[in-house]
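**Student:** Just passing along the structure, written as structure tokens.
Coordinate-derived values only; no laboratory data. Predicted model only: the values in this text are computed from it and were never measured. Because the Cβ atoms are built from the backbone with ideal geometry, glycine has one as well, and the counts that use them run over all protein chains shown.
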Amino acid sequence: MSINVVFKRIVYSLILFLLVPICVSAQSKGNPFIKKFSPQEYGAHNQVWDITQTKEGFILISTGTGVVLFDGESFEMVKGTPAMITDLLTTSNGSIFYGGINNTGEIIGSGNSSFFYNKLDEHIDSTDQNYGQIGSIREAFGDVWISSRNLLFRYTGEHFQSYKPVNGEFLHIFSVNDTLFVPETGSGLLKISDQNELELFPGGEALVGDMFPHFIVPFDAHRVLIGTVDNGLYLFSIHAKGDDPAGILVPFENEANEMLKTGKVISAIQLRNGNYAIGTSTAGVIILKPNGQIDQIIDNDAGLQNEVINGLFQDRAGNLWISTNNGFALAEIASPIDFYNENNGLEGTALVVSKTNNDFYVSTTLGVYKMEGRNFVKNEFISALTFDVSNYQDPLRPGQEKLLAANQFGLYLVDNNSTQKLSEVFSSAVLQSTRNLNRIYAGTPNTVYSVDLVDGRFQPPGEHIVIGNPARQFLEDDRGGLWLATQSDGLRYFPDEFSKEGMVEFRTGDGYSVAMNATLQWINDTLFVTTIDDIYTFDYESNLFKLWRNSNLNEEEHLGIYRFLNVDGTVWTGTSNMRNQIFQYDGFFTDQPIKIKAPFRAIPESVTLWIAEIDGDIWFTNALGLFRYRNQSGFESGFNDVFLRQIDIIKDSTTVVFPTADVDLVESFSNARYRFTVAAPWFVTSGETTYRFRLAGYDVDWSDWGSTNVVEYTALREGDYTFMVQATNRDGQVSEITQYSLKITPPWFRTWWAFLTGILVIILLIIVISRYLAESRTRKLEAFNEKLEQQVRERSEEIQRQNQKLLEMNREKDDFMNIAAHDLRNPLTGVQGISSMMIDSVEIPSLETIQNYGEIIHNSSRRMFELIDTYLNAHRIDQGDIRPSVESVSLMQTTKSTVNSFIHQARKKEMSMEVMSTYEDVLVSADDALMQQILENIISNAIKYSPIGSKIEIKIDKDAEFGMVGVTDQGPGIPQEKQSELFKKFSKIGTVPTGDELSIGLGLSIAKQLTEMMRGSITCQSIPGKGSTFTIILRLAEE
């Protein structure tokens, strides 16, 4: 082969492969129908021992730290003291039993509550309570049987009966068709006799040593299947059949026996479809058919996280749960969809499938593979990219079928174990003509050609007809024409003859575009073409493609189909960039098409490369591998009800309520938030459960479907509510509506008795207020009358006071006039007498006489001036004409200045005056002129009433708030009973001035009033016979 040819093939391969609508890279490892759970996900010990299912459908997982409950949405530990639990059993009546190390009991709970442990050890005899680790828990004869190495217990629901080994130890026990099998290491296989004792099963003595059973499961009406650790599988007859007695042990021939011997059998269960799931300690899980063929292997290559299998369990939906030393896994073995990839020997990306006689073939990016059982064997002669395979009817041997394969290295014909190369040309599509079985059509990345069978021999390829684009699919119509779909350049049609001249090209026309990735099918005498964008039919009369629509389908249902398959009106559509899953449509072309999602949602999203129907099964290829849909009716995935798991009432703290169906929740009104958590126990490896909610009485309609299983309501007023929830699963199944009643009672102030009480209170208030208003009006009238009377009394009293004041003023006036007349008459008499003497004198008086007369006149006029000034001051004070101008006044300076003005008067009476203070100065808030006037009156009185030759002391002092000036004399003193009269006007207490001085009784009154005008006071302290001290007290000036 020339370098040029090799180079062209490489270029063509790259061009063609890049134009495939997805990147057909190597398929991902693992089985998409297996889902593993890690300890981090379920929150417990990594070692998982056993799994069971509650009557509600929840999954219980026993681990090294306790039992975990899985409700389909979240995991939670069973309530109680954490401990290693090694075995679980759900009985026929739904009771759940558990066993661990010296730890046996029940798990109590329901779908609407938490689950918790209920220990039963207290019912076991005290001598048997150290039984060690539980090996098995089984149900037989209506009772629960629990085994450990040294004891077997029978629990009747009320008490435990114990059995001890006859010879050796117990390990596991098994229940088959209500028969209890008890293997014992020293004796073999035991059973419970009619006398309720352990006895050897017929032929059971053979099952010791390396034949000791590790599992016993049903096989047929008279035999069980037994698994040994080192010797594989055996069939053991438990009932006689014909001439064959019970107790016959024979090997069970199967494809996995050597794997089981080396893999070490641990446990097994019989699946509901009759197959057997067998767990090993080194090889994962092997699923055998009853005929011994391997149906499936679940190991690390299939996606299992650990190949040490501790237990197996099949749930009600048919899923297989696998307990391992590192978590657990879920396998959808009951799904009607099977999956094949490199774990089954199918390497590369699966592209096209075909069947010849009884052989099934798949073309991949790495060659052609033939299916043998669940595995695939590669054709050793065909390697590399094989775009197409097709059935070939042998014209020379009718009824004999072969396989055509279009490969990048040529065109091949496969006949069972022989392979013939028909062409060296890079081929991308192939089809045998049904009208002429001797002709084969083939396509390349740029041309089409034919290979003819003549006289039993294939001729060299005929003329290459250039099409300008990779050939992808051939189809013969019922009109004798041949259609060809290219990769990206539309369609080619050969209506009459296969030649360049007879070829018609279709790409894009008025209202249609068949240019990209077209798929062809002949349906009901009509050519249907689907592209990555739309779906069309061909009108032979107009020679045009027309957009096809079923008015009973949404517009989206017609778009982006790319690959589709029609079988008798049922259509399967593949995934594409516009369609994220495969759908089945029953009656696709009718006026009542039915869209079916289940179970195709289980197929992972990836562009569908091919769809084919073979022997009633539908096959899909994509980048992940090969999928087979076992087209069976009535598929159900075991969707259960949706459960209201709990209600959180969130106030200042959170209260958790586990609702029960027959008890409504009644809550008093508050500003609480009500959080509802639900779960639908549906378990699959992909997809999710969606929910919708409605709170009747609050919500007008249902919420949209969503993945959250929690909904919260706030601001719920009092009333009756019904919480409703519905779930839908991956396969489109919808649960029944779950309902729960919630009643919120009103706050006390909105209850009927509160309203009634309120009405009564209002009526009472109206009565009270009415009486109050009436009494209030009466009281107001009485108060008004009393006020008028009071005003009259006050006015009368005021008039009386005014009259009394007028009388006093009149009396004071009279006293004043009398005193003034008396006091003024004396000095006037002196002046009058001197003036008469001067008028009557006949001689000129001497100078001394004149001076004496002058002194008398001066003294008389001075006394008159003092009298008049005093009277005027008293009058101004009474009239309020004096207003102090308060400022900071120095007591020391004012006092000394005033004392100096009295030195001459004091000397006349041979008196001494002394100013004393411990302070350099004292500043007070006062009017300086008024202060001098006050001091003048006080000092003047001290001089008047003190004896000749006495001493007068003036002392200046202060405290925290006040400044003080005290004037102390040595006069006769004032009796205590007369001191209260000192500061009254015209007060004279009988004391006579010692120098015949004038005294009218106004000085102290004036001094007191002036002091009080300056917010001060004046006091008197006197002891009769020893003198008096008058103290002026004023506030200290602010600094």
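**Student:** Sort out for me the Cα centre separation of segment 68-143 from segment 223-288, rounded to whole Å.
**Tutor:** 29
**Student:** Using 0.36 nm times the number of residues separating residue 522 and residue 1012, minus their current alpha carbon distance, what extension gain do you get?
**Tutor:** So the chain would gain 163.5 nm between residue 522 and residue 1012.
**Student:** Something else now. Where in segment 185-222 does the label zone of residue 125 land, with the point 7 angstrom along Cα→C-beta and an amide N cut-off under 17 Å?
**Tutor:** Residues 196-198 qualify, since their backbone N sits under 17 Å from the label point.
**Student:** Within the set of other residues whose C-beta is less than 13 Å from the C-beta of residue 792, count the net charge using Lys and Arg as +1 and Asp and Glu as -1.
**Tutor:** Residues near residue 792 contribute -2 overall.
**Student:** Around residue 961, what is the net charge, scoring Lys/Arg as +1 and Asp/Glu as -1 over all other residues with Cβ under 12 Å from its Cβ?
**Tutor:** Neighbour charge sum, excluding residue 961 itself: +1.
**Student:** Which listed residue (646, 738, 702) has the Cα farthest towards the positive end of the charge dipole for segment 643-748, taking +1 on Lys and Arg C-beta and -1 on Asp and Glu C-beta about the Cα centre?
**Tutor:** Highest projection toward the positive end goes to 646.
**Student:** If I stretch the segment between residue 358 and residue 258 completely, what's the gain in nm (0.36 nm per residue apart, minus their alpha carbon distance), one decimal?
**Tutor:** Difference between extended and current length: 33.2 nm.
**Student:** Scan around residue 296 for amide H atoms under 5 Å from its own, H built in the peptide plane at 1.01 Å from N, and keep only partners 5 or more places away or cross-chain.
**Tutor:** So residue 296 has HN proximity to 287.
**Student:** Which FRET efficiency, nearest 0.05, do residue 81 and residue 655 yield, Cβ-Cβ r, R0 22 Å?
**Tutor:** E(calc), rounded to 0.05, equals 0.35.
**Student:** Further question on the same structure: Using the charge dipole of the chain (Lys, Arg: +1 at Cβ; Asp, Glu: -1 at Cβ; taken about the Cα centre), state which of 81, 765, 293 has its Cα farthest towards the positive end.
**Tutor:** Working it through, the farthest residue towards the positive pole turns out to be 765.
**Student:** Please list, ordered by chain and number, the residues whose modelled amide H lies under 5 Å from the amide H of residue 535; skip anything fewer than 5 residues away on the same chain.
**Tutor:** Placed amide hydrogens put 548 under 5 Å from residue 535.
**Student:** Scan segment 528-572 for trypsin sites (Lys or Arg not before Pro) in coil per DSSP, keeping those whose Cβ has at most 16 other Cβ atoms within 10 Å, and list them by number.
**Tutor:** Those satisfying the criteria are 549.
**Student:** Of 90, 672, 208, which is farthest towards the positive pole of the chain's charge dipole, taken about the Cα centre with +1 and -1 on the beta-carbons of Lys, Arg and Asp, Glu respectively?
**Tutor:** 672
**Student:** Under a crude label model (7 Å from the Cα following the beta-carbon direction), how far is residue 798 from residue 507 in nanometres?
**Tutor:** Rounded to a tenth, the inter-label distance reads 12.0 nm.
**Student:** Here's another thing I want to ask about it. Too long at a 28 Å Cα-Cα cut-off: which of 378/595; 355/500; 36/261; 958/1026; 805/896?
**Tutor:** As for pairs spanning more than 28 Å Cα to Cα, those are 378/595; 355/500; 805/896.
**Student:** Another question about this same structure. Summing Lys, Arg as +1 and Asp, Glu as -1, what charge do residues with Cβ under 15 Å from the Cβ of residue 102 carry, residue 102 excluded?
**Tutor:** -3
**Student:** Let me ask you something else. Relative contact order of the chain, please, whole-number percent, based on alpha carbon pairs below 8 angstrom and at least 6 residues apart.
**Tutor:** Here the relative contact order equals 6 percent.
**Student:** Tell me, what is the FRET efficiency for residue 699 and residue 243 to the nearest 0.05, using R0 = 60 angstrom and their Cβ-Cβ distance as r?
**Tutor:** Approximately 0.25, to the nearest 0.05.
**Student:** Measure off 7 Å from each Cα along the Cα-to-Cβ vector at residue 55 and residue 666, then give the distance between these two points in nanometres to one decimal.
**Tutor:** Between residue 55 and residue 666, the simple spin-label model gives 2.8 nm.
**Student:** Roughly what % of Cα-Cα distances in the chain sit above 40 Å, to the whole percent?
**Tutor:** In whole percent, the share of Cα-Cα pairs in the chain beyond 40 Å is 68.
**Student:** Then there's this: Under 16 Å Cα to Cα from residue 191, which lysines show up? Leave out anything in the same chain fewer than 8 places away.
**Tutor:** 164
**Student:** Further question: With angles folded into 0 to 90 degrees, how steeply does helix 891-901 sit against the dominant principal axis of the chain? Use alpha carbons for both and round to 10.
**Tutor:** 10
**Student:** Kindly express, to the nearest 10 degrees and within the range 0 to 90, the angle between helix 3-19's C-alpha long axis and the longest C-alpha principal axis of the chain.
**Tutor:** For helix 3-19, the angle is close to 50 degrees.
**Student:** Can you work out ³J(HN,Hα) from phi for every residue in segment 506-520, in order, using Karplus 6.51 cos²θ - 1.76 cosθ + 1.60 and θ = phi - 60°, giving whole Hz and x for Gly and Pro?
**Tutor:** 10, 10, 9, x, 6, x, 8, 8, 10, 6, 10, 6, 7, 10, 10
**Student:** Output the peptides 60-70, 790-800 sorted from most to least packed, where packing is the average of other Cβ atoms within 10 Å over each peptide's residues.
**Tutor:** 60-70, 790-800
**Student:** How much length would be gained if the chain were fully extended between residue 920 and residue 250, taking 0.36 nm per residue of separation minus their Cα-Cα distance, in nm to one decimal?
**Tutor:** Taking 0.36 nm per residue and subtracting the Cα distance, the gain is 227.6 nm.
**Student:** Once the Cα atoms of helix 1003-1013 and of the chain are each reduced to a long axis, what angle between those two axes, in degrees from 0 to 90 to the nearest 10, is obtained?
**Tutor:** Relative to the chain, helix 1003-1013 is tipped by roughly 20 degrees.
**Student:** Quick check: pseudo-label points 7 Å beyond the Cα along Cα→Cβ at residue 499 and residue 962, how many nm apart are they?
**Tutor:** Between residue 499 and residue 962, the simple spin-label model gives 14.7 nm.
**Student:** I've got another one for you. Distance cut-off 20 Å, Cα to Cα: go down the list 289/402; 79/119; 35/79 and report the pairs above it.
**Tutor:** With Cα atoms farther than 20 Å apart: 289/402; 35/79.
**Student:** I need the per residue convex hull volume for segment 21-136, using only the alpha carbons, in cubic angstrom as a whole number.
**Tutor:** With only Cα atoms used, segment 21-136 gives 150 Å³ per residue.
**Student:** Enumerate the amide H contacts of residue 366 below 5 Å, restricted to partners 5 or more residues apart or on another chain; note that Pro and chain-start residues carry no placed amide H.
**Tutor:** Residues meeting the criterion, in which the H sits 1.01 Å from N, are 349, 386.
**Student:** Moving on to the next point. Divide by every residue of the chain the summed helix terms, -39500 (n - 2.57) for each DSSP H run of at least 4, and state the resulting mean residue ellipticity at 222 nm, rounded to the nearest 500 deg cm²/dmol.
**Tutor:** Mean residue ellipticity at 222 nm (helix-derived): -6500 deg cm²/dmol.
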